[in-house]
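**Student:** Dumping the structure here so I can ask a few things about it.
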Amino acid sequence: MTDARVEAAVDDGRVRIVVSGEIDLQNAGDVEGQLTEAISNQARTVSIDLGEVAYLDSAGLRVLFHLVERLATLQIAVELVTPLRSPSRRVIELSGLAALVPLDPPA
Amino acid sequence: MSASAASKGRAAVDRLRDIETVTHAGLAHLGVEELLVELLDRVRNVLDADTAAVLLLDAPNEQLVATAARGIEEEVYQGSRVPLGRGFAGRIAATRRPATIEDIADADVVNPVLRVNGVRSLLGVPLLAGGELLGVLHVGTIALRRFDDDDADLLQMVADRIALAVTAAQSDTERKASALLQRSLLPQRLPQVPGLDAAVRYIAGGGGTVGGDWYDLFTLPSGRVCIAVGDVVGRGVRAAAVMGRVRSAVRAQALGNQGDPAVVLDLVDRQLRHFDPGEMATAVVALVEPSFDRVHLSSAGHPAPLLVDGDGAAHYVDLTPDPPLGVKGRARRRSVTCELPPGAVVCFYTDGLVERRGQLLDDRLELLREAVTAAPAEDVCSTVMGRLIGLERPTDDVALLVVRRADSRTEPLEVTRPAVPASLSEIRAAVRRWLVDIGAAPEDVTDVLLAVGESTSNVVEHAYGPAGGTVGVRVELEFPDVVVTVRDTGQWRSPRGSNRGRGTAIMESASDVVAVGRGAQGTEVVIRRRLAVAGRSA
């Protein structure tokens with residue numbers, strides 16, 4: 001069973017989300033639901049920390065692409081915290097998502 | 001010869017013929033139910049009775065249960081029950097002596113079926129086998145009648161015949177039922193856990209009834225693997241049933257308390273003492289960490305397993321047994337942790353393997369120690385059974401479970417799983433372990449996992465219709481390359497949906513060569529990745 005945790009904290013329009021565990025075809029839908037739940041229309045900026053994600057593939061990327069697209073429409077700023085050489089960083093760089101959303105640390 | 005002597009002689013001949021009627025060898029081929037019906041019919045004829053019935057003892061409930069009846073069959077259909085000591089049949093059972101009732105109107109008869117059907121007079125005898133009460137046989141007449149001693153003797157003869165048949169049938173049923181129960185409670189085959197090579201031997205002991213030996217091996221959602229071997233004290237159906245409950249309890253507790261086998265055994269112990277007071281069982285529970293690098297063990301009165309680690313010599317795990325399950329102990333249960341390097345072997349067994357009449361236990365344990373080597377699990381099992389059991393049929397149950405941690409440096413990884421999303425993380429966990437074991441650099445691990453993850457997801461999403469199928473993964477080292485082969489037996493279909501193409505792109509970026517072979521038998525994707533240690537440029 002693929003396990004991921006999504007923890008969110010809201011501070012005056014700033015939403016900080018920390019994701020840990022693994023994301024694949026099995027739980028990508030759940031993770032997507034938890035991410036969208038964590039962000040209200042009151043949010044101004046969203047930061048999603050993927051530093052503790054041990055595995056992320058195209059199923060998880062699809063969630064991130066969707067979310068980034070949706071947040072752009074809602075005019076909510078988003079950044080992805082993804083340490084250099086981490087599993088999430090690798091796949092995000094391979095996918096071209098980096099062209100759509102700022103990364104921390106920057107590319 | 002006087003007339004009365006002649007009539008006595010004729011009566012004796014009739015008696016003999018009657019006796020032959022109810023004890024004829026031709027009855028031997030009948031099953032117990034047919035035999036009961038046949039004997040009841042014959043005894044009814046011979047004694048000129050209207051009804052005949054057998055009530056068998058239900059010892060735990062201290063009741064007699066109507067099991068076969070002729071004349072008034074509804075006694076059986078209604079499952080008539082008579083408490084021991086009460087009523088006509090109950091008194092015969094309590095005193096184990098024949099009894100008669102001349103007129104039911106004056107008597108204490110529990111079963112209303114007899115009264116309702118107009119039965120007036122009764123003769124009953126106990127069913128005894130080896131001095132043990134099995135039940136009661138009685139006959140009844142509608143007309144008033146005084147049964148005499150000859151009638152009672154004849155009925156007792158039939159009762160003895162019935163008792164023999166019932167005993168044989170009961171022990172045969174018990175033997176078959178417990179064997180069947182035990183078989184159904186043990187894993188049909190061990191689950192395939194990639195990276196762990198496991199084999200088992202199970203021999204039901206001699207002496208007819210099975211004992212309560214059991215074994216189990218299962219994975220947990222955390223990636224841990226639980227291995228358990230145990231022995232329920234006692235034999236037969238009850239031991240087999242308790243064994244099933246203990247095994248389920250270990251599974252449930254291992255699911256809830258994944259870390260420490262001592263905690264698992266503690267909870268199983270509480271469960272057994274509460275729900276099955278008086279039962280006793282031994283068990284050893286081992287939890288292998290998700291990395292397979294270490295194993296945690298705890299014993300409830302069970303002999304310590306053997307471990308062969310790096311140096312190749314087997315030694316008994318230094319595991320002091322805590323009290324068996326079902327026995328109240330004060331102290332906290334303990335567990336030990338052992339390193340489990342690649343190639344290490346752990347051997348679990350029950351006492352039936354090492355206990356042998358006329359031989360010293362220490363000698364047998366030493367014999368076992370010498371038989372266990374760092375070989376494939378099947379080979380270890382064969383060697384152990386050959387040396388310890390040999391040609392002698394064991395008198396007690398024997399369970400032997402051998403687990404060997406695969407050595408990635410020399411062995412490819414093979415995993416086949418149903419092509420469903422739930423399989424993906426398990427496959428990745430196995431591949432990750434394999435890569436770490438061969439010393440792959442973190443970037444190599446990340447990329448190979450991505451390539452494996454994308455290609456297996458692809459099979460899950462596209463290879464099959466709703467009936468499903470399997471996804472097979474083979475990972476091998478062709479130094480300096482890692483070669484991954486992902487196979488399905490479905491029909492190729494181009495990817496669909498919003499994710500289309502992204503997975504394939506990732507898979508290609510994460511590897512050096514991707515070759516896709518599509519055939520009528522399915523699709524095979526071969527992914528080749530050169531390892532960083534071999535001087536790969538990042």
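**Student:** Contact order normalised by length for chain B, with contacts defined as Cα pairs under 8 Å and 6 or more residues apart; what percent is it?
**Tutor:** Value for chain B: 9 percent.
**Student:** I've got another one for you. 7 Å from Cα along Cα→Cβ at both B:Arg387 and B:Ala441: what's the point-to-point distance in nm?
**Tutor:** 4.5 nm
**Student:** Could you give the length gained on full extension between B:Gln192 and B:Asp318, defined as 0.36 nm per residue of separation minus the Cα-Cα distance, in nm?
**Tutor:** Taking 0.36 nm per residue and subtracting the Cα distance, the gain is 42.5 nm.
**Student:** Exposure proxy check: A:Thr2, B:Thr416, B:Thr320, B:Thr504 ranked by fewest other beta carbons within 10 Å?
**Tutor:** Sorted ascending by nearby Cβ count, the order is B:Thr320, B:Thr416, B:Thr504, A:Thr2.
**Student:** Restricting to Cα pairs below 8 Å that are 6+ residues apart, what does the relative contact order work out to for the stretch B:3-176? Please round to a whole percent.
**Tutor:** So the answer I get is 19 percent.
**Student:** For the protein assembly as shown, with the dipole built from +1 on Lys and Arg beta-carbon atoms and -1 on Asp and Glu ones, taken about the Cα centre, which of B:Leu186, B:His462, B:Ile438 lies farthest toward the positive end?
**Tutor:** Positive-most Cα among the choices belongs to B:His462.
**Student:** Just want to confirm a number: the relative contact order over the stretch A:19-82, from Cα pairs under 8 angstrom separated by 6+ residues, in percent.
**Tutor:** That works out to 48 percent.
**Student:** Within a Cβ distance under 12 Å of B:Pro342, other residues only, what is the Lys/Arg minus Asp/Glu net charge?
**Tutor:** Local charge sum for B:Pro342: -3.
**Student:** Which FRET efficiency, nearest 0.05, do B:Glu132 and A:Asp30 yield, Cβ-Cβ r, R0 60 Å?
**Tutor:** 0.45
**Student:** Given +1 on the Cβ of Lys and Arg, -1 on the Cβ of Asp and Glu, and no further charges, what dipole in debye does the stretch B:271-355 carry about its Cα centre, rounded to the nearest 20?
**Tutor:** Once rounded to the nearest 20, the dipole reads 520 debye.
**Student:** Can you sort B:Thr95, B:Thr350 from fewest to most other Cβ atoms within 10 Å of each residue's own Cβ?
**Tutor:** B:Thr95, B:Thr350
**Student:** Sort B:Met280, B:Met507, B:Met157 so that the residue with the fewest other Cβ atoms within 10 Å of its own Cβ comes first and the one with the most comes last.
**Tutor:** Ranked by crowding around the Cβ, least crowded first: B:Met157, B:Met280, B:Met507.
**Student:** Quick one: putting +1 on the C-beta of Lys and Arg, -1 on the C-beta of Asp and Glu, what dipole do you get for the protein assembly as shown around its Cα centre, in Debye to the nearest 20?
**Tutor:** In total the dipole reaches around 380 debye.
**Student:** Once both labels are modelled 7 Å past Cα along the beta-carbon direction, what's the A:Thr73-B:Glu524 spacing in nm?
**Tutor:** My value for the distance between the label points is 4.5 nm.
**Student:** Now a separate question. What full-extension length gain, to one decimal in nm, is calculated for B:Asp103 and B:Arg409 as 0.36 nm per residue of separation minus the Cα-Cα distance?
**Tutor:** 101.2 nm
**Student:** Taking the Cβ-Cβ separation of B:Thr173 and B:Asp148 as r and a Förster radius of 25 Å, what is the calculated FRET efficiency to the nearest 0.05?
**Tutor:** So the FRET efficiency works out to roughly 0.10.
**Student:** Compute the angle between helix B:261-275 and the longest alpha-carbon principal axis of chain B, please, reported from 0 to 90 degrees and rounded to the nearest 10.
**Tutor:** Helix B:261-275 and the main axis of chain B meet at about 20 degrees.
**Student:** Would you work out the charge dipole size for the stretch B:413-534 about its Cα centre, treating the Cβ of every Lys and Arg as +1 and the Cβ of every Asp and Glu as -1, and quote it to the nearest 20 debye?
**Tutor:** The calculated dipole for the stretch B:413-534 is roughly 420 debye.
Just so you know, all these numbers are worked out from the coordinates, no wet-lab data involved. Predicted model only: the values in this text are computed from it and were never measured. Reconstructed Cβ throughout: ideal geometry from the backbone, glycine too, with neighbour counts over all protein chains shown.
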